[in-house]
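The values are calculated or read from the model by the stated rules, or taken from the named source; none is laboratory data. Only a predicted model underlies this, so the values are computations on that prediction, with no experimental measurement involved. Every residue, glycine as well, gets a Cβ built from its backbone with ideal geometry; the counts of neighbours run over all protein chains shown.
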Amino acid sequence: MLTGILQVGTLPPQCTFWRFLTSLPVTVAQQLLKLQRLLRERVWEAANVRLPSITLDTDTTVHTLYGRQMGARKSYNPKNKGKKSYQPILTFVAETREYIGGELRNGDRPTGAQIARHLEAVFAAVPRCVRRIFARADAGFYCWDAVQA
């Protein structure tokens, strides 16, 4: 679909996109997140999606690293015990299965403050037509800061 929109034959590999995105200043990253929120609202409106309530599914995943990447930590890694990894936090809208927010993190377990900050950023990305938000997460997110957020 993207090749048709951009009218190109092929796209560069994913690592090229990541290098480009990581080279951007933080202000541009914030602008991209705002653009993503606005586009989500427009797509929902065009598709006649009017969800009064949504369920947010938040979880971490383990991304094993091989080499000496910055921020890597030895932490919970069930498939590759003892290996360094990143542990990104990802949140999806259950009803539409769309990605709504995430954060690349080192391999340590997120603190309550980090979880709360992540959830607040996700809540800001929810379309305005949504009146109630339900949340699901595993026991790793159960702390007072997350519950308050």
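Restricted to helices (runs of 4 or more DSSP H) entirely inside the stretch 1-52, those with at least 2 residues that are within 26 Å of E120 (Cα to Cα) are 14-23, 26-46. The set of residues in the stretch 54-63 being of a type outside the set (D, E, K, R), at pLDDT 75 or above and assigned to a strand (DSSP E or B) consists of I54, T55, L56, T58, T60.
On the stretch given as the stretch 107-141, residues that are closer than 24 Å to K79 by Cβ and either among the acidic types (D, E) or surrounded by fewer than 16 Cβ atoms within 10 Å (Cβ to Cβ) (or both) total 5.
Please verify whether V147 is among the β-branched types (V, I, T), farther than 23 Å from R40 by Cβ and without any contact (Cβ under 8 Å) to a residue 40 or more places away in the chain, treating the condition exactly as stated. Answer is yes for this residue.
Checked across the stretch 38-57, the condition of being exposed (fewer than 14 other Cβ atoms within 10 Å of the Cβ) and over 30 Å from R132 (Cβ atoms) holds for no residue. Just checking, does the stretch 45-63 include any residue being at positive phi, in contact with a strand residue (DSSP E or B) (Cβ under 7 Å, 6 or more places away or on another chain) and not charged (D, E, K, R)? The answer is no; no qualifying residue exists. Collect the residues in the stretch 1-22 that are at pLDDT 85 or above and loosely packed, with under 10 Cβ neighbours inside 10 Å, keeping them in residue-number order. Matches in the stretch 1-22: G4, Q7, G9, T10.
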